[in-house]
1. Has the range 8-26 got any residue that is farther than 17 Å from ARG73 by Cβ, in contact (Cβ under 8 Å) with a residue 24 or more places away in the chain, of a type in the set (Lys, Arg) and part of a strand (DSSP E or B)?
2. Do we find that ASP24 is open to solvent by 40 Å² or more (accessible area, probe 1.4 Å) and under 20 Å from ILE273 (Cα atoms) in this structure?
3. Run VAL134 past the list (1) away from the ligand (no atom under 16 Å from the Cβ); (2) under 16 Å from GLU269 (Cα atoms); (3) aliphatic (A, V, I, L, M) and report the number of the one that doesn't hold.
4. At least 3 residues that are in the same structural domain as VAL265 (by TED's automatic domain parsing) and open to solvent by less than 10 Å² (accessible area, probe 1.4 Å) in each: list the strands (runs of 3 or more DSSP E) lying fully within the range 112-198 that qualify.
5. Within the range 27-57, how many residues are of a type in the set (Phe, Trp, Tyr) and surrounded by fewer than 19 Cβ atoms within 10 Å (Cβ to Cβ)?
6. What tally of residues in the range 137-163 results from selecting those that are over 18 Å from the mean Cα position of the chain (by Cα) and within 16 Å of the ligand (Cβ to nearest atom)?
7. Which of the residues spanning the range 45-78 are within 16 Å of the ligand (Cβ to nearest atom) and outside any loop (DSSP other than H, G, I, E, B)?
8. Restricting attention to the range 79-105, and to residues there that are in a strand (DSSP E or B) and surrounded by fewer than 23 Cβ atoms within 10 Å (Cβ to Cβ), which single residue is nearest to the ligand (Cβ to nearest atom)?
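The values are calculated or read from the model by the stated rules, or taken from the named source; none is laboratory data. Remember, predicted model here, so these are calculated numbers, not experimental data. Note that we place each Cβ from the backbone using ideal geometry, even for glycine, and neighbour counts take in every protein chain shown. To get the accessible areas, we keep the full protein, side chains included, count just its heavy atoms, and leave off ligands, DNA and RNA. Shrake-Rupley method; radii C 1.70, N 1.55, O 1.52, S 1.80 Å.
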Amino acid sequence: MRLASFTEGGRRRIGAVEGGEVLDLTAACPDLPREMRAFLEAGPRAMQRAQEAAPDSPRLALDAVRLEAPIARPPKFLAVGLNYADHVAESGMQPPPHPTIFNKQSTCVVGPFDSVHVPRASHVLDYEGELGFVIGTRCRHVSRADAEKVIAGYLVVDDVTVRDWQLRTPTMTMGKSFDTHGPIGPWIVTPDELGDPHGLALRTWVNGELRQESNTKELIFDCFALVEHLSTAFTLEPGDIVATGTPAGVGIVRKPPLLLVAGDVVRVEIEGIGAIENAVIDEPEEPWIVPAEGDR
Ligand code: MG
């Protein structure tokens, strides 16, 4: 399934995307959680019920609904630095012996077609197209061999980065976590639908110009190795998102640097999943207030 969070008629709910339509799972099964994180927490039985209900669910045209971030507020939003050899090289670094894990604050999440802000604090804004995976099962000490069982699905992430804030301190948290700098989506593709996540073409365009072109087979630490590594230290929970790292072609390393400016449009596409596309705008003068989850 392609599991989407969407709003239509002022109500947010979950659905399954098929072709140009979204199957309204909430309408078909009103007792299913209408919020994706709660749906994933409900476990395999909820997933099975959704699969069974999908064929008879009311169908809405995809372009008549608003696709939201599949998970509005992930419990954890983890990311991996330096996980493609060509990006390690362009960054002037050595391949790391261990995965370079950092956090994006979960408040940076926005939807697959929402705007991304050039912050007031810095104009050194860059894109990073990445494969992300979503945890479906509360777990700890998961072996690489068992890792696929705890992954609910895969999505596209733009790990939007404020480069000067990223690099001016030993930890990257601030530069990776500005509001709106975590577009995800356009939906979660379940493992049975996607197949092997480690052979997918990944491309990033800015204003239609191809900037990144790679394949997830080039990941140094693949999704399953990352599950094993992360769960060695801490519990992974349903709805946690892991962005697996970006390949070569980011803007900052170009000569001269090709940074994002207001008016740009960034598109990240991954084979078998889909694409997210985000317009870059200046951070609004008005305080940007995130609606509480229950109000959306
Ligand atoms: Mg990244």
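1. No, the range 8-26 contains no residue that is farther than 17 Å from ARG73 by Cβ, in contact (Cβ under 8 Å) with a residue 24 or more places away in the chain, of a type in the set (Lys, Arg) and part of a strand (DSSP E or B).
2. The answer is no for ASP24.
3. Evaluating VAL134 over (1) away from the ligand (no atom under 16 Å from the Cβ); (2) under 16 Å from GLU269 (Cα atoms); (3) aliphatic (A, V, I, L, M) leaves (2) as the failure.
4. Hits in the range 112-198: 129-135, 151-158, 182-189.
5. 0
6. Step one: of the range 137-163, the residues over 18 Å from the mean Cα position of the chain (by Cα) are 138-147, 149, 163.
Next cut, within 16 Å of the ligand (Cβ to nearest atom) only: 163.
Within the range 137-163, residues that are over 18 Å from the mean Cα position of the chain (by Cα) and within 16 Å of the ligand (Cβ to nearest atom) number 1.
7. Pass one, the range 45-78, residues within 16 Å of the ligand (Cβ to nearest atom): 74, 76-78.
Within the range 45-78, PHE77, LEU78 qualify.
8. Among residues in the range 79-105 that are in a strand (DSSP E or B) and surrounded by fewer than 23 Cβ atoms within 10 Å (Cβ to Cβ), the one nearest to the ligand (Cβ to nearest atom) is GLY81.
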